[in-house]
Amino acid sequence: MTQPRRRMRATKLLILAMLVLLAPVPWVHLVDEDPPGNAWRLDGRLVVEGQVVNPPGRWSWLTVGRPPMVAEVVADRLVDVGHTRNMRTAAGAQRPRVNEPAAVAVGLSRAGIDVDFGLLVEGVGPTEGYLPEQMTITRMNGVDLVDRRAWQRAVAKAESPVIFQSDEGKTYAAPGPLLPFDEIHVVDLAPGDLDAAIGGQLASFAPIGWFRDLALGRSHGLMIALMTYAEVANHDLAHGRHVAGTGGIRGDGAVTRIGGLPAKATAARNRGADVLVFPAVQAHELEDFNPGRMRLLPVDSIDEAIKVLDAASAAKHGYPAY
């Protein structure tokens, strides 16, 4: 091989190596002190029972962070500083396949459709060595954890030692009245036959579903519930506006806390959103935030979100806001 050919081959290998090192790793999350926020279009992207949910207006859901590059993952593994997190090992309660149908079910329920919610209780990070790293808990203190009311009854009993059962039928006991895990995820479940996912008409294809299920979090639940309600109830909540929002949602319609609110608010403002709906309990996090022309709407529930979206539109057009 001649010298020029060797140089050309080395150059190609170097370029290929650089491309590989700079490629993102979609199943890993970068743990960053100041992660970027992102706004994503939601209208026309949510599919429920094969039908695209597309109510009037423009709707955006917000995320925070980014996947790391291969080079960042390798560097983190070499120095072991914990800057990356493998999302493939996360709890099922954080997956879109669980949370997106549940959020749709909340919207359907608010629109007047009868929905029977189930419950998923997962323990992650055991504090007792004989327990698995993750466990789905189906019974605690003699109560079958079939819904959130059952969970509240089981917690109220506060027996010591706590007796609980896994979905595999194994029974465990641990000292004290609390479940022996670092994290306990308690999420409402939609009926098992409710098919709902973000991803447009391609959401039903296995590769797209696999990629989407690498995501984690429940912070888009409020927006999914609001859009579903608006579509099914034929209630124009946007009133010609660009509505952005973030917030988890429970089966009873309560809005729950999320992470990265300032970064998400910045992304919504930069994308030109007219209003931002977010958990009221976190309003203090935006005290120093400059929303520009975007209106901030803190809410505690989906009912309040519906009310303030209508009221904000009425005020904008000079109508009484009842």
Counted residues in the stretch 249-265 being surrounded by fewer than 21 Cβ atoms within 10 Å (Cβ to Cβ), in contact with a strand residue (DSSP E or B) (Cβ under 6 Å, 6 or more places away or on another chain) and outside any loop (DSSP other than H, G, I, E, B) come to 3
Residue hits (the stretch 185-194; assigned to a loop (DSSP other than H, G, I, E, B) and out of contact with any Pro (no Cβ under 7 Å at 6 or more places or on another chain)) are PRO191, GLY192, ASP193
Please work out if ALA93 is small (Gly, Ala, Ser) and either more than 27 Å from PRO132 (Cα to Cα) or out of contact with any His (no Cβ under 9 Å at 6 or more places or on another chain) (or both). no
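If you take the residues of the stretch 104-118 that are surrounded by fewer than 19 Cβ atoms within 10 Å (Cβ to Cβ) and either of a type in the set (Phe, Trp, Tyr) or within 23 Å of the chain's Cα centre (by Cα) (or both), which of them is nearest to ASN54 (Cα to Cα)?
Step one: of the stretch 104-118, the residues surrounded by fewer than 19 Cβ atoms within 10 Å (Cβ to Cβ) are 111-116, 118.
Imposing the further condition that a residue be either of a type in the set (Phe, Trp, Tyr) or within 23 Å of the chain's Cα centre (by Cα) (or both) reduces the set to 111, 115-116, 118.
Numbers: ALA111: 15, VAL115: 21, ASP116: 25, GLY118: 27 Å.
Within the stretch 104-118, the match that is nearest to ASN54 (Cα to Cα) is ALA111.
If you scan the stretch 145-154, which residues turn out to be assigned to a helix (DSSP H, G or I), of a type outside the set (Lys, Arg) and under 21 Å from GLY92 (Cβ atoms)? Break it down into steps so the answer makes sense when it comes.
Of the stretch 145-154, the ones assigned to a helix (DSSP H, G or I) are 148-154.
Imposing the further condition that a residue be of a type outside the set (Lys, Arg) reduces the set to 150-152, 154.
Residues satisfying the conditions are ALA150, TRP151, ALA154.
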Selection over the stretch 18-39 where residues are buried (at least 16 other Cβ atoms within 10 Å of the Cβ) and either at pLDDT 80 or above or more than 37 Å from the chain's Cα centre (by Cα) (or both) yields a count of 4
Only one of (1) at pLDDT below 95; (2) surrounded by fewer than 17 Cβ atoms within 10 Å (Cβ to Cβ) does not apply to HIS284, and that is (1)
Of the candidates GLY57, GLY125, GLY112, the one satisfying the condition of being in contact with a Gly (Cβ under 7 Å, 6 or more places away or on another chain) and at positive phi is GLY57
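Give me a count of the residues in the stretch 108-144 that are in a strand (DSSP E or B) and without any contact (Cβ under 8 Å) to a residue 12 or more places away in the chain. Can you show your working first?
So in the stretch 108-144, the residues in a strand (DSSP E or B) come out as 118-126, 134-140, 143-144.
Filter again for without any contact (Cβ under 8 Å) to a residue 12 or more places away in the chain, leaving 144.
The number of residues fulfilling the criteria is 1.
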Would you confirm whether any residue within the stretch 77-85 is of a type in the set (Asp, Glu) and not assigned by TED's automatic domain parsing to the domain that holds THR228?
yes
Expected single match for closer than 20 Å to TRP61 by Cα, at pLDDT below 90, of a type outside the set (Asp, Glu) and under 17 Å from the mean Cα position of the chain (by Cα) among ILE224, ILE198 is ILE198
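When the stretch 155-184 is examined, which residues are found to be in a loop (DSSP other than H, G, I, E, B) and among the small types (Gly, Ala, Ser)?
Of all residues in the stretch 155-184, those in a loop (DSSP other than H, G, I, E, B) come to 158-161, 167-170, 175-180.
If the condition is that a residue be in a loop (DSSP other than H, G, I, E, B) and among the small types (Gly, Ala, Ser), then ALA158, SER160, GLY169, GLY176 are the ones that fit.
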Among residues of the stretch 280-310 being of a type in the set (Asp, Glu) and in a helix (DSSP H, G or I), the residue nearest to GLY259 (Cα to Cα) is GLU285
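Pick from ARG85, ARG77: which is in a strand (DSSP E or B) and among the charged types (D, E, K, R)? I'd like the intermediate steps shown before the answer.
Working: ARG77 fails: in a strand (DSSP E or B).
Among ARG85, ARG77, only ARG85 is in a strand (DSSP E or B) and among the charged types (D, E, K, R).
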Exception for ILE15 within (1) under 28 Å from LEU62 (Cα atoms); (2) at pLDDT 80 or above falls at (1)
Matching residues in the stretch 66-92 (modelled with pLDDT of 80 or more and under 16 Å from the mean Cα position of the chain (by Cα)) number 0
ask   = For PRO180, are the conditions met, namely being under 28 Å from LEU108 (Cα atoms), touching an Asp or Glu at 6+ places or on another chain (Cβ under 7 Å) and either surrounded by 13 or more Cβ atoms within 10 Å (Cβ to Cβ) or at pLDDT 95 or above (or both)?
value = no
All-but-one check, THR11 against (1) free of Cβ contacts under 8 Å to residues at least 12 places away in the same chain; (2) β-branched (Val, Ile, Thr); (3) not in a helix (DSSP H, G or I), failing number (3)
**Asked** Any residue at all in the stretch 118-139 that is assigned by TED's automatic domain parsing to the domain that holds ASP303 and among the hydroxyl-bearing types (Ser, Thr, Tyr)?
**Response** no
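The values are calculated or read from the model by the stated rules, or taken from the named source; none is laboratory data. In this text the structure is predicted, and so the values were computed from the model without any measurement. Cβ: placed from backbone, ideal geometry, glycine included. Neighbour counts: every protein chain shown.
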